[in-house]
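The values are calculated or read from the model by the stated rules, or taken from the named source; none is laboratory data. Here the structure is a predicted model, which is why all the values come from computation and not from measurement. Reconstructed Cβ throughout: ideal geometry from the backbone, glycine too, with neighbour counts over all protein chains shown.
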Amino acid sequence: MNAIPQLFFDAMSLGGIYAMAALGIALIFGVMNLVNFAHGEYIAFCVFALIVPSTDAVAVMFIGKAPAILLIPMLLSIGALVAVASEFFVFRHMRNSTPVAMMISSFALGFVIQNTLLLVYSSRPKAVSLWPELNKPVSIVGASIPLLQIIVIVTTLIVVVALALLLKRTRIGLEMRAAAENFTMARLLGVRANVVITGAFALSGALAAAVALIMVTQTGVADVRMGGQIMLVAFIATVIGGLGSLPGAVAAGFLIGAASVILQGFLPLEARPFRDAFLYTLVIAVLLLKPDGLFAPRSSKPRV
Amino acid sequence: MAQTHKQKRLSAWSTPILLIAILIVFTFLVTLFGDKSLARMAAQTLIRVTFVVGLWIFVGNSGVVSFGHAAYMAIGAYCSAWLTLRPQMKGLFLPDLWPFLANAEWHVFPAAVVSGLLAAIVALISGAAILRLTGIAASIATFAFLAIVYTIYSSWEGVTGATSSVVGLTRYADQWVTLAWASATVLAAACYANSSSGLALRATREDEVAADASGINMYRHRLIALVVSAFFTGVAGALFGHSLGVLNPNSFYLGVTFITLAMLVVGGIGSLTGAVTGVLVLSIIIEALVRAERGVAFGETTFALPTGAQEIIIGIIMILVLILRPAGLTGGRELRLRLGKR
């Protein structure tokens, strides 16, 4: 009956998660041309940081016990720390490598994080109940929406606005934009490369933590593999949005969220298991029409 | 001048011969001194050689990273299963197969060739669209292609068995069969790399604009390389199925994509020698670590790595190689005999 507003909220909240994950990837790609496959593993790491290390099926809360006002900043800084540490130990030593070598090493890093989690927590998915009251439905414009969906949408908007302010109004933001535009030139003009790169990783890690919080609350499960799927979608969103373009990444994240909700809603029943196949076919079609992405910045074209 | 050119062409042909010799020595050593499980590991390694060298034909020569080759592997593996499984089995587990496939009971060799051909045809069609893109957009499109094939194969209940495994494949792919296919793939890769299309494609890898200005049609040569490369990855898929005896769509997704790309990059993406080196080195390290996890006896005490440590160590080794030797272990050079004077 109220299918349309329902679909709208589903699409917006799913798109919001994708958009935040895509932002995390786009930020790092912008400053150092690194496609960071470890991003999904940052998300999984943050999820597991909530619970006590053990191999039991039922999770015991660890940091997760803290009240929200403490928990959220704590988890965001854990995410930031993991990302900054990975830059310090791995990517700092690869500044002169090809993008392919960096991409593969980011994958290797993700592999290491994932298997460390497996070693400590075992591969069984665990039930986690974090803020279960947020999944209670409330009714808005005739549709009953879990409160969490509204929080996701609002959070995404706040994050995007805050990020935009940071990038436009602060010194570090200016330096990041300069670095994303032309890294060598920016360094020659006095941009502090290490500060910018560390800053980008910290922001990206904090975004991963935010995604982790939302996913845990929504699904109530902690699974070592939960980062992989969202990383893939986010990665595709950054490319469709135009690599290096932050507004593009956000827009494309929302677009993919909307497309998958619409496909889920309107595909005939027997075709529904194949939803992702349709979604990725759409992705290839978009790329064929717009190879540089929908919102490609002018600097993305190599000069000849 | 003409003399040196001729010598260079000749010495380029020593590369595949040396590499095949290494593979033969490897197989003999393992068979003579190893136990049964080591022989199985050798077959797996040679299948990976077939796959990674097949992957190299496209990635190494064109410089475009493809995430989609595991999809060609899946296509080959399932095609061989459709052609060789006993009809009663197929009636039971894969009821929706077309009558022609449901009644097929082929010999394994033609089935492997046809599986490769099917993968090549799919590559021709998918590549015709995907290869219009360049750079990172092309890589993403191959990723999307992989996800499409994975979704179809893991949801098409009556034809692929979806996520429940297809069982009962004849396990004929021992170390000798896989050695033959791996050698054939190395030879074909060298043939392609030394052909005019291979040279043209490598020119586009070095400098797209200059190659374009010299009248090279990049799209065409990339498509040729992709089709050749998909044939061998399809065959590798067929061999994979007939070595384990079990097929599951999850074996052909992100895991295999990344481990094979890692082998290629660790060995050195720029050369055929690099592709073979990467597979052999990483496979041997993985096997050693797996054995260490089971426990190694030093006199009285048994030393064992905790389960799962193997993957972590492999990951760290990969990162170290990439930091210390960004162009891979071989650094893009080929193993070759030096003929005549330099």
Taking into account only those residues within the stretch B:120-138 that are surrounded by 21 or more Cβ atoms within 10 Å (Cβ to Cβ) and of a type outside the set (A, V, I, L, M), which is nearest to the other protein chains (Cβ to nearest Cβ)? B:126
Selection over the stretch A:244-266 where residues are touching a Phe, Trp or Tyr at 6+ places or on another chain (Cβ under 7 Å) and within 14 Å of chain B (Cβ to nearest Cβ) yields a count of 5
Those residues of the stretch B:322-332 which are over 21 Å from the mean Cα position of the chain (by Cα) and either under 11 Å from residue A:109 (Cα atoms) or more than 7 Å from chain A (Cβ to nearest Cβ) (or both), in sequence order: B:324, B:325
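Output yes when any residue across the stretch B:215-226 is modelled with pLDDT of 90 or more, farther than 20 Å from residue B:57 by Cα and buried (at least 24 other Cβ atoms within 10 Å of the Cβ), and no when none is.
no
Would you mind stating whether residue B:273 is of a type in the set (Val, Ile, Thr), in contact (Cβ under 8 Å) with a residue 40 or more places away in the chain and in contact with a Phe, Trp or Tyr (Cβ under 7 Å, 6 or more places away or on another chain)? Spell out the reasoning first.
Details: of a type in the set (Val, Ile, Thr): yes; in contact (Cβ under 8 Å) with a residue 40 or more places away in the chain: yes; in contact with a Phe, Trp or Tyr (Cβ under 7 Å, 6 or more places away or on another chain): no.
It is false that residue B:273 is of a type in the set (Val, Ile, Thr), in contact (Cβ under 8 Å) with a residue 40 or more places away in the chain and in contact with a Phe, Trp or Tyr (Cβ under 7 Å, 6 or more places away or on another chain).
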Check the stretch B:230-252 and report whether any residue there is buried (at least 16 other Cβ atoms within 10 Å of the Cβ), within 14 Å of another protein chain (Cβ to nearest Cβ) and in a helix (DSSP H, G or I). yes
Is there a residue in the stretch B:107-114 that is under 30 Å from residue B:28 (Cβ atoms) and among the small types (Gly, Ala, Ser)? yes
Just for the stretch B:102-116: of the residues that are free of Cβ contacts under 8 Å to residues at least 60 places away in the same chain and under 19 Å from the mean Cα position of the chain (by Cα), which one is surrounded by the fewest Cβ atoms within 10 Å (Cβ to Cβ)? B:109
Here are some residues: A:113, A:153. Which one is touching a helix residue (DSSP H, G or I) at 6+ places or on another chain (Cβ under 9 Å), crowded, with 16+ Cβ neighbours inside 10 Å and within 14 Å of another protein chain (Cβ to nearest Cβ)? A:113
Find the residue count for the stretch A:158-176, including only residues that are within 30 Å of residue A:133 (Cβ to Cβ) and free of Cβ contacts under 8 Å to residues at least 12 places away in the same chain. 3
Just a yes or no: is a residue in the stretch B:286-305 within 14 Å of another protein chain (Cβ to nearest Cβ), under 28 Å from residue A:95 (Cβ atoms) and under 21 Å from the mean Cα position of the chain (by Cα)? no
